[in-house]
Amino acid sequence: MKKYNPITPSRRHMSTISYRSVLTASEPHKALTKGGTKRAGRNSDGRITVRHKGGGHKRLHRLIDFTYDKKNIPAKIETIEYDPYRSGFIALVCYADGERRYVLAPKSLKVGDTFLISENAELKAGNRLPLKLIPVGTFIFNIELQPNNGAKLVRGAGNYAELVANDSGYAHIKMPSGEVRKIIDSAWASIGEVSNAEHKLVNFGKAGRTRWKGVRPTVRGSAMNPVDHPFGGGEGRQGAGMRRPKNLWGRGIRGVKTRRPKKYSNIFIVSRRTKKKRT
């Protein structure tokens with residue numbers, strides 16, 4: 001992490017990731033990028049459906065390969081790059097047949113290293129195999145839910161899941177949240193963990209830096225009027241005035257279970273995620 005001298009109040013606690021020591025390219029591979037329009041949290045009718053979004057720096061989409069369909073062809077990492085749309089770093093890789101693609105960079109791999117997507121691949125970081133061929137206790141990421149359907153799970157910076165069991169055609173995966181979930185063992189996963197584990201330690205230091213990220217301010221419910229929020233109104237500062245906290249629409253929050261009782265994937269959950277103690 002990179003710290004700053006406290007020359008201003010906002011600099012006092014500000015921190016950033018030491019990108020110079022990790023990244024090897026400042027410009028993306030143009031053939032694997034595309035533009036796009038910002039929605040600012042609005043739907044096709046122009047109504048805000050996700051609050052606190054808008055503004056921010058202009059971004060360029062990198063086309064990331066999550067299908068990993070080039071099997072049994074070695075790939076060499078050419079660059080480690082930053083992606084504004086995700087927390088982990090990405091890697092530009094060149095396959096032995098000459099094709100280049102962006103992939104999510106594993107933690108321990110660097111420029112010049114190679115990886116392989118194959119059922120016969122070695123058990124080392126970056127290689128990709130079916131779950132049934134991965135030993136119990138291995139850390140994995142970029143996990144598929146269905147075979148050859150693309151990686152869907154465990155893609156955030158510094159994240160990894162643990163393979164805890166293989167039973168009756170299913171692999172039992174312990175997620176970063178603590179949830180243990182069954183996934184069909186013919187689905188594929190990558191060995192290791194996602195890069196940029198220091199992402200969660202970053203301190204923005206000032207409100208402006210948050211605005212650069214495209215995040216707009218959040219107004220407290222107790223600062224609103226009664227018509228705008230259940231916590232609103234009253235003379236001076238007031239508490240919530242009710243037993244349990246709720247959001248702007250009156251729905252319970254903070255510890256309320258929101259998963260549907262009849263959700264199709266409930267049968268695949270072996271144990272629910274562990275509760276985090278509030279401090």
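When segment 211-244 is filtered for residues that are more than 30 Å from TYR85 (Cβ to Cβ), of a type in the set (A, V, I, L, M, F, W, C) and outside any loop (DSSP other than H, G, I, E, B), only ALA223 remains.
Can you confirm whether segment 32-41 contains a residue that is surrounded by 15 or more Cβ atoms within 10 Å (Cβ to Cβ) and either in a strand (DSSP E or B) or of a type in the set (Lys, Arg) (or both)?
In the first step, residues of segment 32-41 are kept if they are surrounded by 15 or more Cβ atoms within 10 Å (Cβ to Cβ); the result is 32, 41.
When the remaining residues are screened for being either in a strand (DSSP E or B) or of a type in the set (Lys, Arg) (or both), the result is none.
No, segment 32-41 contains no residue that is surrounded by 15 or more Cβ atoms within 10 Å (Cβ to Cβ) and either in a strand (DSSP E or B) or of a type in the set (Lys, Arg) (or both).
Remark: pairs (first residue in segment 234-247, farther than 14 Å from MET224 by Cβ and free of Cβ contacts under 8 Å to residues at least 12 places away in the same chain; second residue exposed (fewer than 10 other Cβ atoms within 10 Å of the Cβ) and not acidic (Asp, Glu); Cβ separation under 6 Å; 6+ apart in sequence or on different chains) = PRO245/ARG254. Among the residues of segment 44-62, is there at least one that is within 27 Å of LEU145 (Cβ to Cβ) and surrounded by 14 or more Cβ atoms within 10 Å (Cβ to Cβ)? There is at least one residue in segment 44-62 that is within 27 Å of LEU145 (Cβ to Cβ) and surrounded by 14 or more Cβ atoms within 10 Å (Cβ to Cβ). Of all residues in segment 208-254, those that are within 30 Å of TYR19 (Cβ to Cβ), among the small types (Gly, Ala, Ser) and either surrounded by 11 or more Cβ atoms within 10 Å (Cβ to Cβ) or touching a His at 6+ places or on another chain (Cβ under 6 Å) (or both) total 1. Restricting SER190, SER177 to those that are in contact (Cβ under 8 Å) with a residue 60 or more places away in the chain, of a type in the set (Ser, Thr, Tyr) and surrounded by fewer than 17 Cβ atoms within 10 Å (Cβ to Cβ) reduces the list to SER177. For the residues LEU123, LEU145, the requirement of being within 19 Å of the chain's Cα centre (by Cα) and modelled with pLDDT under 95 singles out LEU145. Only a single criterion out of (1) in contact with a Gly (Cβ under 9 Å, 6 or more places away or on another chain); (2) touching a residue at least 60 places away in the same chain (Cβ under 8 Å); (3) under 30 Å from TRP188 (Cβ atoms); (4) not basic (Lys, Arg) is not satisfied by HIS61, namely (2).
The values are calculated or read from the model by the stated rules, or taken from the named source; none is laboratory data. Bear in mind that the values here come from a model prediction, so they are computed numbers and not experimental data. Every residue, glycine among them, receives a Cβ derived from its backbone with ideal geometry; neighbour counts consider all protein chains shown.
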